[in-house]
Structure formats: structure tokens, C-alpha cells
Amino acid sequence: MTAFFFVVNALITIYAIAIASAYLILAILSIIEMRGYLSKNFFIDYKLVLSSPLAPGISLVAPAYNEGLTIIDNVKSLLSIMYNNFEVIVINDGSKDDTLAKLIPAFDLVKVDFDLRYTIQTKNVRGVYKSRNQAFRKLVVVDKENGGKADALNVGLNISKKELVACIDVDCIIEPDALLKMVKPFLEERNVIASGGVVRIANSCVIEDGRLIEVKLPEKLLPRMQVLEYIRAFLLGRMAWSKLNGLLLISGAFGLFKRDIAVAAGGYNHNTVGEDMELVVRMRRYMHEHNLKYKVAYIPDPLCWTEAPSDARILSRQRNRWARGTFETLNIHRKLFLNPRYGLMGMLSYPFWFFFEYLSPFIEFFGFVYFTFLLVTAQVNWPFYLALTLAVYSFALFMSMFALYAEETSFFKYTQKRDVLKMIWVALLEPIWFHPRVVWWSLKGNIDLMKGKKSWGEMTRQGFVQYKKK
Amino acid sequence: MNPAMAPWNDPSRLETVLDLSIIALLGASLFIFFLFTSRLVKGGRVRRKTKLRERFQNSINVIVELDSSHDAKPAAYQFHYSDLQKDMGRSNLAKQVMVDQLVGLKRNLSGSSANTLIKVYLRLGLDQFSLRKLNSYRSKRKAQGITELSQMEVPSATKRIKSMLRSSNRTVREEALIGLVRLDRDMSLDFLDDYTSRLSSWVVMRIHRQLSFSDKRHLPDFSRWYRHVNADVVLFAIEMTRQFRQINNASKLAELFNDANQRIATLAIEVCGDLHSVEVADHLIQLVKRDWSNDIVSLSLVKSLGKIAQNDLHWQALTDYINHPNYAVKFEAVRALYFSEHESKYLQRWPVPSTPDLDAILRHVKDPLLQS
């Protein structure tokens, strides 16, 4: 028993030191990379891309399921993105509402004789529509049988004729210059196969005609917690992985891919709810297995704004899905684990995700159970326990403040004076009020996975319409 | 207490944990302090910059107006220049604001107004301010200096900027390249002759834009670089041939059809098609059978042939492509034949059973809403 306690204590300590060190190293690398990015792009006039005949073509692929409420505004917003050579492909994934019925008259759509090649197998496509109105000549609408987001994105890959494909969520707000910025890594280096951008929370922001007019902190606490979480994850995590060329995840809300590589890798996987992460891992794996040099880039600019769940029930479904998606991807690609054939991805990225992203909710929960056991058996070393709790809390606070400082000195989106105070308060509260719930939802996701749950869960959205500027 | 807990009872460990907590809390507090002070400093800086810009703009407007009137007295100039000098003082921030303003204005002006801005820049000694940046160890400042000097057309900086083509920092190298293009009044692009570093698509785009502003008649003959050792320079030259429609280079481009570098070969093929260089069509025909199994080259060939096919031999080759295993190649062949005057001769008589997807492609090609 003595040995058991010793081993458990030692393992928990080692794990805690390892994860804290890893996050700290990533944070430092992220800051270095971000400074380099800001410095490099200080001179850039992105409108150069807009006016150049040499800019590559981009297909914006946006799956839509039961988006009748906001689809017209969303599509108009996508069509007004600043870029020359692009097309918007909206895929109606067997919606049960009036998504397609609304699109057809709004954009004067008619069915066309599109010769669709099922390069990637998908559910049946019922029709491809184009507009008779020249103003909407860049729009393609596809009507298909319901098959899920991955299936809809694969239809987009099949239909697309451009060199690059941007996979987005139709209800996200994309910054007008997002494509100009996202395409730059592909122009700078020939071997870039994918680039991702930062996703920010749009709750309480002022939106007008599908455009973000004014950035505001969410009014409710739950989305505000997610703002901090997103800033930490994107600015202090993904930038570092991009620097190391070990990024495994590009947000499904907004990612840009080389079409031929995505297709050669097999497109999106239907068998996982984490299809965004799984595609990036598979594309990377494809490049390794064909001995091709490549890079997955990352843009720290806030380019995409999404509505975060403001209801705990809906947020729990989202985190449940994320946990399941993470495991599914890690399981599908378990061959990468500590496999030197896959370079840094196999030796560092994958183990990191497995130990520190996937396992951490289990370890935290185990720690809680272990503490409860010690408490019940009156074996808690109270001074040490309190000191350790303080250390963990302080570290969490430190990382949150680091993230807020990084945001302040880079993109500075929350400009109201009171925003700083509000976010400091959120950072103080988060480890106590928000993080335990996230851990619980992740655990539950894994339990549901063991039960065989495959669905996305209903993600009820309020839509952005109620935040229009007066 | 369980003896296994003994190591964790050690006061030194407890102290260590507490020390780490204090360090983390101090760090968090520092960040909070920086957060607030950063806002204050930023706010103050923005306000100061705005004030300076307004003051500078007034004087610059008057100087440009005086210059355009041609009969202004020197004293009038002197007064406003003194004003600017006084406002700038010794402050580097003020000098930077002034430089940014002049560069920003010059981007949107041309002719005598642009020349006046250059005069202001030089008379205020801001070229020295920009030149000093070239000595900075910070690559961002170096690149900034290069941009300012090239935007304000300071020819004496050319040699210094040229030496930065070999910089280890990519941003500095790129800005140096673009800077040299801006400063190259003859548009000779001589610096490309011995350029051995990478030329990314991004840089090519920037150079193209810069060249677009100049008189096309004075652009160099890009075929000069078709045999450069640096493949990126060759690709740049071929692309610029296309963009600036140097149609006389078609025969020289044809010599690149057999280049060992596939990217060069395919680009040369595509550009000949885009330039409607019918004289190279026979060269292309010779490649059809040779490169049949290469999908990338076949696609370039079929697209080009579709634009420049002249005789039965050419049209027959296009018709052969209908049987190509690659769908994209097939598609382009059908499209080219459909839109040619030879559709009835070659397409309609094609035996359908051997190409079951020909109907689907034809319907697609015929649909007016799908013709981009």
C-alpha cells in the first residue's frame, strides 16, 4: 500500500510538472512565432492579392443543415468576401427545413447539368444549382441527401475546380480580408498544404448584414469563459505548433487546404465527429508516406467569428463531441504514436495530444477521486495539499494573464477599458467554475463514446440577428 | 500519516511548491500590470500620432500647393519647412510619423505632387533617418528602412539595398528585391542576373504589381532569363512573359518544352496557349504521345492546343485526348472541340459507346451557366 501511494503521488507529480512545462514552452514559442508573424507582415498590403491575376483560385465550401433562418444573410456575407478568383459552394445537406427553398428564389437559382465526378464517394447529389443573375455568378448550391458535415464537405471537394478549398461553417462570420490573409502562406512557400486561422467568439458583438461591425465581450459569463479559453488555445498553443510544423488541428469553422492533397488523402472521414482534426492528420500522414515535404501553417489574425454556446447544456454537447472526436482521430491514427517515420508528428505532436489533451481529463478526475480517498482515510497532508492547490491555481492564472497580454499586444480586439477588468475576473473564476465542468463534459464524452454514441448532438444556435446595431 | 507521504511532508518540498506559486502569482500580476500600462501607453501614443499627423498634413498640403503654383516665394517654403522641422524636433516617433505620412501619400500620387513629397522627405533629412535603419540588428527596422528609401526613390541607397539580397532574413531579402524593382528606373531588373535565392509566388506577385505601374514599352525582354540557373527566376520570366504579353518570345518558350524541370516545361506550354502562339502548335503535337501518361503535362498540352490548334493534325490530337484516362484532360479536350468550329467534324461523329461519359461532359460544357 505504501508503494502504491508513493507511485501514485510520484506519477501525478511528474504528470503535473510535464504538462505545466509543456504549456509554458508552447506559450513562449507561440509568442516568438507571433512576434515574427507580426513583424513579417508589418509591410504587407493584402490588397495586392485582391488585384493580382496571379492569386490562386479558392472554393469556399460551406455545408448547411437546417439553416433556413439565416442562410440568405450568411451566403450574402460569403459572397462579399474580398477576393477575386473564388467561388462559394453551399451544400444543402438534406435539410428538413426551408434552407433550399429560401435559397432558390433569393439568388435566382436554376438547376444545371453539372458533371459531378464522385472522386470521393458521398451520398447522392440531387442537383447542382447556379444563379441566372450575374451578380451571383460565383455561387454554386448543391442539394444532396443528408450525410453529415464530413459528407457535405466531400461533395464540396468533388465539385470544386479551384486549387485551394476553404472549408467553413456557413453560420460563421468571416472577416472580409480573411482569404487574402489565409492564402499568403501558400504563396510564400510551395509546400504548404493547409492553413488555419483563429476563431473568435462573436456573442454580443454588433453584426450588420452579416458583417462584424463592433467587437464586444460577451455579456454572459459562459461565453466569456470561452473567449479566454479560445485566446489561450489559439494564441498560446497553435502558434507554437505551427512554428514546429507539428499542428494537428485546423478549426472546422475555417481552414484552407490544397484541394488535390485533400482529395488524394481521401477527403473527410464520415466515421468521426472530429473530422476537421482527422483530415489534417491524414493529410500530414499522406505527405509523410509519400516522402513529400510539407507545412501546415497558422494565421494568428482573428479571421472567423462564431457563436459560442451560451447555455451549459449546449456547451456540454459541444465538448462531448470534441472529446469523442479527439479520441476517434487518435485511435484511427494510432500508428503514428512514437513512430519516427512520421517525424515530429509521430514523436511529439501525437504523444502531446494523447497525454496532455486526451488523457488530462482522466488524470484530473483520478486526482479528484484519489484526493477524496485520502480525505476519507484521513491521510491528506493539508499544508502540502493547500500549497499544491495554490500552485496549480496560480499557474492557471499565470497562463490566462499571459494569453490576455498576448492578445492585448497583438490584435487588441477588446478595446473597451472595462474589458480588461472583466477578463481578469474571468481568469480568476475560470479554474474554479468553468474548468471542472469542461473536464466533466470531456469525461462524459468518452463514456458516451464507449457506449457507441456517434451523433453530433443538437447545437441550437440563437443566430447573430439580435445583435444588430441600432 | 502514511509513510509513503513522508517525501511530501518534507518542508523543503513544501517551500518549493510555495515558491512556484509565488512566482506564478507574481508573473500573473506583472502581466496584469503590463495590460493596464500597455493600454495607457498605447492610448497616449495613438493620440500623439494623430496630433502629429494633423499638424504635418497641414504643412504638407501647403507645400504641395505652393509647388504646383510655380511662383511661390522661397520664404513661404522656408516657413513651412521650419514648421515641420519644429514639429518633428528630435523625436524619432515624430520622424516616423512624418515618413509614414509621406510614403502613404506618395503611394496615391504621381507626377509633380509625388516629386514634391520626395523633396520634402529629402529636405527634412529623413533619408538619413531611413538609411540609419539599414544598420539596425532588427530585421523589421531594416526592412522598414528599405521600404521607405525605395518608396521615396532615393537612388543613392541602391547599392546598400542590393547588398541585402543576401540577408539571412527572408523579410529583408524580399523587401530588398521589391525595393530594387522600385528604384530601377530603367526597368532592366539587372539584379536578377545573379540572383540565386528563392523567388516565392508572393514576391513574384509583388514584382508584377510594381512592373504594372511602369510603361510596358520599357520592360525588359524576359526571355533573357529563360536559361537562368535559378529555376525560380526562369518561372518568373515565363510568367511575366504571359502577364505582359511578350508574344515575340514564343519560339524561345518552345525551347523550354523539353526542360528537365516539369514546372518550367508545363508553364511554358500554358503560356504559349495563353499568348495564342499558333507557331508553336506543331511543337506541342510532338509532345502529345511522349507525355501521354503524364497527367500534368497532358493537361497543359490540351489547354494550350485548345487555344492554338490550326489544322487537322492539331484537331485530331485534341480528339485523341477524349480517350485520355484523366478526366480533367478529357474535359478540356471536349470543351475545346465544342467551342471550335470543328465540333461537327470531330465531336459529333465521335463513337459514343467508347466514351460513356462524353455525353455528361458535353451537357456540362454546353450549359451556359457553367461557362466561366
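The values are calculated or read from the model by the stated rules, or taken from the named source; none is laboratory data. Just so it is clear, the structure is predicted and the values come from calculations on it, not from any experiment. Reconstructed Cβ throughout: ideal geometry from the backbone, glycine too, with neighbour counts over all protein chains shown. We work out accessible area using only protein heavy atoms, side chains counted, and drop any ligands, DNA or RNA first. Shrake-Rupley method; radii C 1.70, N 1.55, O 1.52, S 1.80 Å.
Keeping to the range B:295-313, report how many residues are more than 14 Å from chain A (Cβ to nearest Cβ) and at pLDDT 90 or above.
Total meeting the criteria: 11.
Restricted to the range B:347-369, and to residues that are farther than 21 Å from A:Lys130 by Cβ and either crowded, with 17+ Cβ neighbours inside 10 Å or modelled with pLDDT of 90 or more (or both), which residue is nearest to the other protein chains (Cβ to nearest Cβ)?
B:Leu358
Does B:Arg206 satisfy being on the phi < 0 side of the Ramachandran plot, crowded, with 18+ Cβ neighbours inside 10 Å and of a type outside the set (S, T, N, Q)?
Criteria met by B:Arg206.
Hey, any hits in the range A:81-88 for a residue that's at pLDDT 95 or above, farther than 29 Å from B:Gln210 by Cα and of a type in the set (A, V, I, L, M, F, W, C)?
Within the range A:81-88, one or more residues are at pLDDT 95 or above, farther than 29 Å from B:Gln210 by Cα and of a type in the set (A, V, I, L, M, F, W, C).
Out of all the residues in the range A:357-378, which are without any contact (Cβ under 8 Å) to a residue 12 or more places away in the chain and over 26 Å from A:Arg324 (Cα atoms)?
A:Thr372, A:Phe373, A:Leu374, A:Leu375, A:Val376, A:Thr377, A:Ala378, listed by residue number.
Out of the range A:274-299, which residues are open to solvent by less than 20 Å² (accessible area, probe 1.4 Å), touching a Phe, Trp or Tyr at 6+ places or on another chain (Cβ under 6 Å) and either small (Gly, Ala, Ser) or in contact (Cβ under 8 Å) with a residue 40 or more places away in the chain (or both)?
Answer for the range A:274-299, where residues must be open to solvent by less than 20 Å² (accessible area, probe 1.4 Å), touching a Phe, Trp or Tyr at 6+ places or on another chain (Cβ under 6 Å) and either small (Gly, Ala, Ser) or in contact (Cβ under 8 Å) with a residue 40 or more places away in the chain (or both): A:Glu275, A:Met287.
Cβ contacts < 8 Å: first residue β-branched (Val, Ile, Thr), restricted to the range A:137-156; second residue open to solvent by less than 10 Å² (accessible area, probe 1.4 Å) and in a helix (DSSP H, G or I), any location; separation 6+ or different chain. Result?
Listed by first residue and then by second, the contacts come to A:Val140/A:Ile159; A:Val141/A:Leu103; A:Val142/A:Val155; A:Val142/A:Gly156; A:Val142/A:Ile159.
Just checking, does the range A:55-63 include any residue being on the phi < 0 side of the Ramachandran plot, in contact (Cβ under 8 Å) with a residue 24 or more places away in the chain and open to solvent by 30 Å² or more (accessible area, probe 1.4 Å)?
no
Residue-by-condition table, conditions (1) over 17 Å from B:Lys95 (Cα atoms); (2) surrounded by fewer than 16 Cβ atoms within 10 Å (Cβ to Cβ); (3) away from chain A (no Cβ under 14 Å); (4) charged (D, E, K, R):
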site: B:Leu20; (1), (2), (3), (4): yes, no, no, no
site: B:Ile23; (1), (2), (3), (4): yes, yes, no, no
site: B:Gly27; (1), (2), (3), (4): yes, no, no, no
site: B:Leu30; (1), (2), (3), (4): yes, yes, no, no
site: B:Phe36; (1), (2), (3), (4): yes, yes, no, no
site: B:Arg45; (1), (2), (3), (4): no, yes, no, yes
site: B:Arg48; (1), (2), (3), (4): no, yes, yes, yes
site: B:Ser69; (1), (2), (3), (4): yes, yes, yes, no
site: B:Tyr77; (1), (2), (3), (4): yes, no, yes, no
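Output the residue which, of all residues in the range A:105-148 that are open to solvent by 40 Å² or more (accessible area, probe 1.4 Å) and more than 14 Å from chain B (Cβ to nearest Cβ), is nearest to A:Gly252 (Cα to Cα).
A:Asn146
If you go through the range B:139-160, how many residues are within 14 Å of another protein chain (Cβ to nearest Cβ), of a type outside the set (Ser, Thr, Tyr) and more than 18 Å from A:Leu38 (Cα to Cα)?
Matching residues across the range B:139-160 total 3.
Considering only residues that are among the small types (Gly, Ala, Ser) and open to solvent by 50 Å² or more (accessible area, probe 1.4 Å), look in the range B:85-123 and name the one that is farthest from B:Lys49 (Cα to Cα).
B:Ser112
Looking at the range A:224-231, is at least one residue part of a helix (DSSP H, G or I), open to solvent by less than 10 Å² (accessible area, probe 1.4 Å) and within 15 Å of A:Ile299 (Cα to Cα)?
yes
Identify all residues within the range A:313-339 that are under 12 Å from A:Arg437 (Cα atoms) and in contact with a Lys or Arg (Cβ under 7 Å, 6 or more places away or on another chain); write none if there are none.
Scanning the range A:313-339 gives a single hit, A:Asn320.
Of everything in the range A:151-172, what is within 19 Å of A:Phe254 (Cβ to Cβ) and either among the aromatic types (Phe, Trp, Tyr) or open to solvent by 10 Å² or more (accessible area, probe 1.4 Å) (or both)? Give them in sequence order.
Of everything in the range A:151-172, those that are within 19 Å of A:Phe254 (Cβ to Cβ) and either among the aromatic types (Phe, Trp, Tyr) or open to solvent by 10 Å² or more (accessible area, probe 1.4 Å) (or both) turn out to be A:Lys162, A:Glu163, A:Asp169, A:Asp171.
What number of residues within the range A:381-393 are part of a loop (DSSP other than H, G, I, E, B) and surrounded by fewer than 17 Cβ atoms within 10 Å (Cβ to Cβ)?
Matching residues across the range A:381-393 total 0.
What are the residues in the range B:212-249 that are surrounded by fewer than 20 Cβ atoms within 10 Å (Cβ to Cβ) and among the basic types (Lys, Arg), if any?
B:Lys216, B:Arg217, B:Arg224, B:Arg227, B:Arg245
How many of the residues making up the range A:328-348 are buried (at least 20 other Cβ atoms within 10 Å of the Cβ) and in a helix (DSSP H, G or I)?
Result for the range A:328-348: 7.
I need the helices (runs of 4 or more DSSP H) fully contained in the range B:265-349, keeping only those with at least 2 residues that are over 26 Å from A:Ser160 (Cα atoms).
B:281-290, B:312-320
Can you pull out the residues in the range A:21-32 that are of a type outside the set (Ser, Thr, Tyr) and within 14 Å of another protein chain (Cβ to nearest Cβ)?
Hits for the range A:21-32 are A:Leu24, A:Ala27, A:Ile28, A:Ile31, A:Ile32.
Go through the residues of the range A:444-464 one by one and say whether even a single one is under 28 Å from B:Leu35 (Cβ atoms), modelled with pLDDT of 85 or more and aliphatic (A, V, I, L, M).
no
Just one of the numbered conditions (1) in contact with a Leu (Cβ under 9 Å, 6 or more places away or on another chain); (2) open to solvent by 40 Å² or more (accessible area, probe 1.4 Å); (3) within 25 Å of B:Lys366 (Cβ to Cβ) is not true of A:Ile91; which one?
Unmet condition: (2).
Output the residue which, of all residues in the range A:232-262 that are of a type in the set (S, T, N, Q) and open to solvent by 20 Å² or more (accessible area, probe 1.4 Å), is nearest to the chain's Cα centre (by Cα).
Among those residues, the one meeting the criterion is A:Ser251.
Across the range B:291-338, which residue is most open to solvent (accessible area, probe 1.4 Å) among those that are without any contact (Cβ under 8 Å) to a residue 24 or more places away in the chain and of a type in the set (Asp, Glu)?
By that ranking, first place goes to B:Asp312.
Would the range A:349-369 turn up any residue that is of a type in the set (D, E, K, R) and open to solvent by less than 20 Å² (accessible area, probe 1.4 Å)?
Taking every residue of the range A:349-369 in turn, none turns out to be of a type in the set (D, E, K, R) and open to solvent by less than 20 Å² (accessible area, probe 1.4 Å).
When you scan the range A:400-415, do you find a residue that is among the aliphatic types (A, V, I, L, M), out of contact with any helix residue (DSSP H, G or I) (no Cβ under 6 Å at 6 or more places or on another chain) and more than 8 Å from every other protein chain (Cβ to nearest Cβ), even just one?
Within the range A:400-415, not a single residue is among the aliphatic types (A, V, I, L, M), out of contact with any helix residue (DSSP H, G or I) (no Cβ under 6 Å at 6 or more places or on another chain) and more than 8 Å from every other protein chain (Cβ to nearest Cβ).
Return yes when B:Gln144 is outside any loop (DSSP other than H, G, I, E, B) and open to solvent by less than 60 Å² (accessible area, probe 1.4 Å) and no when it is not.
yes
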